[in-house]
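What follows is a set of notes on a single structure, which appears directly below.
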């Protein structure tokens, strides 16, 4: 097929009429499909059903150090849970603080502590005239929502194939002491799926920051979420080692959870950081909590007792979702590949494909899809304040639907993309 | 025996020598006993072991409205968990927001939200020159620790047999707009064990407050924790109804948990409040969490499906701890009752006995006990900033030790009280 931009006005009008007829046919089907959120499919959840029966009697309730996990206490987690989360965090158990079921809550609360109490003796961020964060875009809407709620100003920085554009990052953080942090999803990034290059990690760790309490919020949500083989995954340089080697040992806070390993609603989550950062977090969290759910920590530590168990489990997860990512790739390629109106990422792991249409088409595409019964992540969600300046980016989340549902949803999506593109080309 | 204050100096010296000899004998036993924290005993935890197997297969994982409790979502809790927590909160399920395993975290975060965002449109408390709270004393150290960490100034108000001294409370809140809240443990209060009189609840609900966004933090931690019969408990007037009837429907926030119903480390907790307060909390918490552990909500809702089940369960709990409270009462009466140096409370429920020695004896008593192997709650812990102006109050937590351990600990404790009293009388 000829690329749309190369068609004559007449040809485009004919193509648009054809697409609109196809779209009307989709609408008539009364579809109800969802590609909006990164939710595991029920078949993935079934892989973790043994969790439910792994702690079932009195004698199962004790951690390896003898703690009765039914009772109060142990604010930072039982030893075996620290070991498991250290695997996901690429760190040592002694640097791990295990929390409840959500890394989102840990990240929110970590920022709240910076605002209320500063970092290791620095001035509380809430007392400053302005606090800013760097936000690689496209990025994760829930990261942005935390900052927006706290009134932290967000500065978008473009993502490259190697991570955030480090020339821009370095220039900004060197010049502006109000820039206190950066959000990073360093592996199989949400939504682009890329993994930060070693050089990017080293530059983040070593760059000169005007703010001495600059913090890298390292949300390693997809640390073990490889699509194409557990033994040939994307490799990520450890930010902790890089920061320590650069003489900035307190610059990073790492986060991870089992949300997309076991049960999203009933997993465990953790933070890893320098000894000083962990000690400060434990001290401040002492007013907020006595300890998190240690029985659920036990369940997870016994279900995934070592690296081999995690690998074997994630291989089963990959077997379920790999065909969905392949379907996305194949259908986008077939239906849009030659039209000159779209590009998208080709992740080796994680939960998303990042899609870019022509400028001024993302909102229209999402609205069209919604009216045909296909819910997508809102256009703009991948940008701070929901404002994608090009109105081009859409996050595709293929895991939740079945393959059949996904195929139907992608048929509709591609049709909507074509309509929006033809309309935009006509308007330009 | 003659009351110590009526003894001659010579007689007191002889008594002190006798007590010191007894104390030396206790020290020689190498005891290691703990009456410090309100932790349930292992036998109490065993009552809830069925929780571990009540959700064990795929088909068990769905709430009554069909939600797959393994996956993300449902920020405010599944319907059956709201019903259970409504029982503990004496409220309607639609006013309930179910959280994670700790009411302490809910309370901490509720205060953090007031500081960061104000209440229903009021000015954020953190932007005010000063924020103060009323703290009935003796009270709960973890309540005070939250306020201290956030820099909220604490004003002690004496507890009476009917709750906080309302004449003082009313005068303070009417005059000072910086007084934004009051901590209340309204039933079987921590540590006095008293339950607020209806008149106290009505006065709290209806009093004129200079701060329009004054909030009553109603920590109903011991709502169903009756020692002497589930059918003749202390009765507590509902603060929600009282506030609504007084035209102050948004003044209260209620908190409760299953920490001392099922497993302290692995229970569920909830808040109840007006529709406006719950809606605001849901909106603000949306940046912090996607949803709490719904599988654990399911476990609890199925283990305690109705009021009868809660009552039967709490009757078993009471059977275990009632003899411990009776032992405390009997031993204190026998060993200290006639000496004129101590008074204590006689609770009908809850987890504590509040003990008052002579002025300037609490720290000494706790230190003596510690050196003889008996850990008590730190003297002063029941007061803001850890400062009991009389140095007289000690919280006794009798639930964790066995009856035999408790008897040994109380022998030591009473001996230490007598030594500290004799020393104080000599010094005065």
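The values are calculated or read from the model by the stated rules, or taken from the named source; none is laboratory data. Remember, it's a predicted structure, so these values are computed and weren't measured experimentally. So basically every Cβ, Gly included, is an ideal-geometry build from the backbone, and we count neighbours across all protein chains shown.
I need the full set of residues from the stretch A:44-62 which are outside any helix (DSSP H, G or I), within 8 Å of another protein chain (Cβ to nearest Cβ) and without any contact (Cβ under 8 Å) to a residue 40 or more places away in the chain, in order please. Those that are outside any helix (DSSP H, G or I), within 8 Å of another protein chain (Cβ to nearest Cβ) and without any contact (Cβ under 8 Å) to a residue 40 or more places away in the chain: A:56, A:57.
The rows are residues; the columns are (1) farther than 30 Å from residue A:156 by Cβ; (2) within 14 Å of chain B (Cβ to nearest Cβ); (3) part of a strand (DSSP E or B).
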residue	(1), (2), (3)
A:308	yes, no, no
A:319	yes, no, no
A:327	yes, no, no
A:331	no, no, no
A:338	yes, no, no
A:354	no, no, yes
A:365	no, no, no
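Tallying residues that are more than 14 Å from chain A (Cβ to nearest Cβ), touching a helix residue (DSSP H, G or I) at 6+ places or on another chain (Cβ under 6 Å) and within 22 Å of residue B:315 (Cβ to Cβ) within the stretch B:227-261 yields 3. Taking the criterion of being surrounded by fewer than 18 Cβ atoms within 10 Å (Cβ to Cβ) and more than 20 Å from the chain's Cα centre (by Cα), the residues of the stretch A:328-342 that qualify are A:330, A:333, A:334, A:337, A:338, A:340. Scanning the stretch B:390-406 for residues that are free of Cβ contacts under 8 Å to residues at least 60 places away in the same chain and either surrounded by fewer than 22 Cβ atoms within 10 Å (Cβ to Cβ) or over 16 Å from the mean Cα position of the chain (by Cα) (or both) turns up B:390, B:391, B:392, B:404. Could you check the stretch B:304-322 and list, in sequence order, the residues that are touching a helix residue (DSSP H, G or I) at 6+ places or on another chain (Cβ under 6 Å), surrounded by fewer than 21 Cβ atoms within 10 Å (Cβ to Cβ) and farther than 23 Å from residue B:95 by Cβ? If the condition is that a residue be touching a helix residue (DSSP H, G or I) at 6+ places or on another chain (Cβ under 6 Å), surrounded by fewer than 21 Cβ atoms within 10 Å (Cβ to Cβ) and farther than 23 Å from residue B:95 by Cβ, then B:320 is the only one that fits.
When you scan the stretch A:125-138, do you find a residue that is away from chain B (no Cβ under 14 Å), free of Cβ contacts under 8 Å to residues at least 24 places away in the same chain, surrounded by fewer than 18 Cβ atoms within 10 Å (Cβ to Cβ) and over 26 Å from residue A:194 (Cα atoms), even just one? The answer is no; no qualifying residue exists. Residue B:177 - would you say it is in contact with a helix residue (DSSP H, G or I) (Cβ under 8 Å, 6 or more places away or on another chain) and away from chain A (no Cβ under 14 Å)? No; evaluated as a whole, the condition is false for this residue.
Checking the conditions here, which among A:213, A:234 is at pLDDT below 95, outside the structural domain of residue A:316 (by TED's automatic domain parsing) and in contact with a strand residue (DSSP E or B) (Cβ under 7 Å, 6 or more places away or on another chain)? If you could, list the steps in order and put the result at the bottom.
On the way: A:213 fails: at pLDDT below 95.
Within the list A:213, A:234, the selection yields A:234.
Residues in the stretch B:63-95 that are surrounded by fewer than 23 Cβ atoms within 10 Å (Cβ to Cβ), in contact (Cβ under 8 Å) with a residue 12 or more places away in the chain and touching a strand residue (DSSP E or B) at 6+ places or on another chain (Cβ under 7 Å): B:76, B:86, B:95.
Given the condition within 33 Å of the chain's Cα centre (by Cα), at pLDDT 95 or above, in the same structural domain as residue A:423 (by TED's automatic domain parsing) and outside any strand (DSSP E or B), answer yes or no: does some residue in the stretch A:6-21 qualify?
Taking the stretch A:6-21 and keeping what is within 33 Å of the chain's Cα centre (by Cα), we get none.
No, the stretch A:6-21 contains no residue that is within 33 Å of the chain's Cα centre (by Cα), at pLDDT 95 or above, in the same structural domain as residue A:423 (by TED's automatic domain parsing) and outside any strand (DSSP E or B).
What about residue B:292, is it in the same structural domain as residue B:243 (by TED's automatic domain parsing), surrounded by 16 or more Cβ atoms within 10 Å (Cβ to Cβ), outside any helix (DSSP H, G or I) and in contact (Cβ under 8 Å) with a residue 40 or more places away in the chain? Taking the combined requirement at face value, the residue satisfies it.
Here is a check on your reading of the model: is residue A:101 more than 26 Å from the chain's Cα centre (by Cα), within 14 Å of chain B (Cβ to nearest Cβ) and buried (at least 19 other Cβ atoms within 10 Å of the Cβ)? No.
Quickly run through the stretch A:115-149 and pick out the residues that are under 20 Å from the mean Cα position of the chain (by Cα) and in a helix (DSSP H, G or I).
Within the stretch A:115-149, the subset under 20 Å from the mean Cα position of the chain (by Cα) is A:133-149.
Of everything in the stretch A:115-149, those that are under 20 Å from the mean Cα position of the chain (by Cα) and in a helix (DSSP H, G or I) turn out to be A:141, A:142, A:143, A:144, A:145, A:146, A:147, A:148, A:149.
State yes or no: is residue A:87 at pLDDT 95 or above, within 8 Å of another protein chain (Cβ to nearest Cβ) and assigned to a helix (DSSP H, G or I)? Against the criterion (at pLDDT 95 or above, within 8 Å of another protein chain (Cβ to nearest Cβ) and assigned to a helix (DSSP H, G or I)), residue A:87 does not qualify.
Report whether or not residue A:110 is surrounded by fewer than 19 Cβ atoms within 10 Å (Cβ to Cβ), in contact (Cβ under 8 Å) with a residue 12 or more places away in the chain, in a helix (DSSP H, G or I) and more than 10 Å from chain B (Cβ to nearest Cβ).
Spelling it out, it is not the case that residue A:110 is surrounded by fewer than 19 Cβ atoms within 10 Å (Cβ to Cβ), in contact (Cβ under 8 Å) with a residue 12 or more places away in the chain, in a helix (DSSP H, G or I) and more than 10 Å from chain B (Cβ to nearest Cβ).
Please verify whether residue A:221 is touching a helix residue (DSSP H, G or I) at 6+ places or on another chain (Cβ under 8 Å), at pLDDT 95 or above, within 14 Å of chain B (Cβ to nearest Cβ) and not in a helix (DSSP H, G or I), treating the condition exactly as stated. So residue A:221 fits the description; yes.
Restricting attention to the stretch B:24-42, and to residues there that are in contact (Cβ under 8 Å) with a residue 12 or more places away in the chain and within 11 Å of another protein chain (Cβ to nearest Cβ), which single residue is surrounded by the fewest Cβ atoms within 10 Å (Cβ to Cβ)?
B:37
Scoring residue B:148 on the criteria (1) surrounded by 20 or more Cβ atoms within 10 Å (Cβ to Cβ); (2) in contact (Cβ under 8 Å) with a residue 12 or more places away in the chain; (3) within 14 Å of chain A (Cβ to nearest Cβ) leaves a single failure, condition (1). Does residue A:301 qualify as being part of a helix (DSSP H, G or I) and surrounded by 21 or more Cβ atoms within 10 Å (Cβ to Cβ)? Criteria met by residue A:301. It is to be established whether one or more residues within the stretch A:262-277 are at pLDDT below 95, within 14 Å of chain B (Cβ to nearest Cβ) and either crowded, with 21+ Cβ neighbours inside 10 Å or in a helix (DSSP H, G or I) (or both). Yes; the residues of the stretch A:262-277 include at least one that is at pLDDT below 95, within 14 Å of chain B (Cβ to nearest Cβ) and either crowded, with 21+ Cβ neighbours inside 10 Å or in a helix (DSSP H, G or I) (or both).
Collect the residues in the stretch B:151-167 that are within 14 Å of chain A (Cβ to nearest Cβ) and within 17 Å of the chain's Cα centre (by Cα), keeping them in residue-number order. Working first, answer last.
Going through the stretch B:151-167, the residues within 14 Å of chain A (Cβ to nearest Cβ) turn out to be B:151-152, B:154.
Listed by number, the list is empty, since nothing qualifies.
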